[in-house]
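Enquirer: Have a look at this one before I ask anything.
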Amino acid sequence: MTSVLDFGMADRTCAVFDLAVALERSGVKWLDLPSPGVVVYPQMQALLQGYQSVRPLSEAERALLVAFMPLVHVEFAFSEVAYFGALLKDAASAEVAYTEYLLDHARWFASQRRARSAGLAAD
């Protein structure tokens, strides 16, 4: 073998969706939930600043970026459920992926939305 090609994210999306994936994967310490400080804002800001130095986001794209963040995580959580349940036949790990990765993290995203709309600086 001389190389590995990962086609896992080679589906049709858009640049803002791909940016949301990069932010969600690198800017949130998912294994540290529900502790405070799980969002690494300086890292996310640096990634956004670097991206926008090459390709500035429009107002509509910024709104989409916020909307896509929970969605890209749901996509990842479902892939974990399928991986553990269908490929590995590991029902216990599939259940963890479903309850913790999917449901608990969806609740976390919802709580962050409520906190932001109430004017709180929670993470």
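Each value in this text was obtained by applying a stated rule to the coordinates, not by laboratory testing. What you see is a predicted model; the values in this text were computed from it and never measured. Cβ atoms come from the backbone with ideal geometry, glycine included; neighbour counts cover every protein chain shown.
Enquirer: Where the Cα atoms of the stretch 26-81 are projected onto their three principal axes, how long is each span, largest first, in whole Å?
Expert: 34, 23, 15 Å, listed from the longest principal axis down.
Enquirer: How long is the gain from SER26 to VAL54 if the chain were fully straight, where each residue apart is worth 0.36 nm and the alpha carbon distance is subtracted?
Expert: 8.1 nm
Enquirer: Please state the equivalent ellipsoid semi-axes for the stretch 15-117: what are the square roots of 5 times the Cα gyration tensor eigenvalues, largest first, in whole Å?
Expert: The equivalent ellipsoid of the stretch 15-117 has semi-axes of 27, 16, 12 Å.
Enquirer: Counting Lys and Arg as +1 and Asp and Glu as -1, each charge on the Cβ, what is the dipole of the stretch 15-117 about the Cα centre in debye, to the nearest 20?
Expert: 340
Enquirer: Output the peptides 32-38, 106-112 sorted from most to least packed, where packing is the average of other Cβ atoms within 10 Å over each peptide's residues.
Expert: 106-112, 32-38
Enquirer: Further question on the same structure: Tell me which residues come under 5 Å, amide H to amide H, from VAL28 once H is placed; ignore anything under 5 positions away on its chain.
Expert: VAL40
Enquirer: Dipole of the stretch 16-109 (Lys/Arg Cβ +1, Asp/Glu Cβ -1, origin at the Cα centre): which of VAL28, THR99, GLN45 lies farthest to the positive side?
Expert: It is GLN45.
Enquirer: Applying 1/(1 + (r/R0)^6) with R0 = 30 Å to the Cβ-Cβ distance of LEU47 and SER93, what FRET efficiency is obtained, to the nearest 0.05?
Expert: That gives a FRET efficiency of 0.50.
Enquirer: Starting from the Cα-Cα distance between ALA82 and ARG12, subtract it from 0.36 nm times their residue separation and give me the gain in nm to one decimal.
Expert: Between ALA82 and ARG12, full extension yields an extra 23.2 nm.
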